[in-house]
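The values are calculated or read from the model by the stated rules, or taken from the named source; none is laboratory data. All values reported here derive from a predicted model rather than from experimental measurement. Heads up, the Cβs are rebuilt from the backbone with ideal geometry, glycines too, and the neighbour counts pull from every protein chain shown. Accessible surface is based on the protein model in full, side chains and every heavy atom, while ligands, DNA and RNA are left aside. Shrake-Rupley method; radii C 1.70, N 1.55, O 1.52, S 1.80 Å.
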Amino acid sequence: MTVIEAYLGELRTRLDGPVTAKRDLLREARDGLNDAADAYRDGGWSEHDAQRRAVEDFGPVHLIARDYQAELGMHSGTRTLWKLILGVPMMQLAWEFARKWTFGDWSQLAPTPDWYRYVAQFTHGSVFIVPVLGVIALVCMRRLSRRMDGAKLVKTAGVLIGEAVGLNLLSVALLVIATGLIDASRLFLSVPCGILMVLWVVLSVRLALLARRSWRSCATIVA
């Protein structure tokens, strides 16, 4: 194994994040190292020494990995926020449309307890609050990127993403549990409503997993 490939292999093991973004960063690193090694070879250095000097100029692997991991964390966090901003309200709107089109007015259902109305109001309110939190997080990430280093920015973004995703997951979980206690059939007013409800739960869990990846990126940077 060449010096450059050994360096890239160690760098690869230290990074955690989206596969495509990780591959692009490693490709850029390889291109830069190869260009530097070519310059040293043209200057009369041997193959091994040219690669060794290129690696030394590039920087210690643990420092490069820290910067690259911060970039991966930002990439992952941004993707999660956009899915949150667009996905949550779209699922709510789609479900409401399906309910009106395939089921009709809520008056067809039996009266519900007062406490359930509070749960429903909390869930419906969260549908609007969550995207707003997502937009705030995106704006903060853009503005703070000019004032914070990558590691601190990723940690801050992880907190903001966790709050937005956590609120969405909590609201969906409360709605599903509360509806199940009253009448589980309300979760499946019609086939389209049932499918969309399942998709909403899957989306919420997926967002939680993506948020967890952002937190894991923070831990990797600290390590």
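Considering segment 1-56, and only residues there that are of a type in the set (S, T, Y) and part of a helix (DSSP H, G or I), the residue that is modelled with the lowest pLDDT turns out to be T20. Considered as a group, the residues in segment 48-58 that are within 18 Å of G9 (Cβ to Cβ), touching a helix residue (DSSP H, G or I) at 6+ places or on another chain (Cβ under 9 Å) and not polar (S, T, N, Q) include one that is surrounded by the most Cβ atoms within 10 Å (Cβ to Cβ), and that residue is A54.
With the condition kept exactly as written, say whether any residue in segment 110-125 is aliphatic (A, V, I, L, M), loosely packed, with under 13 Cβ neighbours inside 10 Å, in contact (Cβ under 8 Å) with a residue 24 or more places away in the chain and assigned to a loop (DSSP other than H, G, I, E, B). Yes, segment 110-125 has at least one match. Quick one: in segment 1-58, which of the residues that are over 24 Å from the mean Cα position of the chain (by Cα) and among the polar types (S, T, N, Q) is farthest from H75 (Cα to Cα)? Step by step, filter segment 1-58, then rank; the result is S46. Applying a threshold of 8 Å to beta carbon distances and a minimum spacing of six or more residues, or different chains, the list of pairs starting in segment 88-106 at a residue that is closer than 15 Å to R186 by Cβ and of a type in the set (F, W, Y) and ending at one that is open to solvent by less than 40 Å² (accessible area, probe 1.4 Å) and assigned to a helix (DSSP H, G or I) reads W95/C193; W95/L196; W95/M197; W95/W200; F103/C193.
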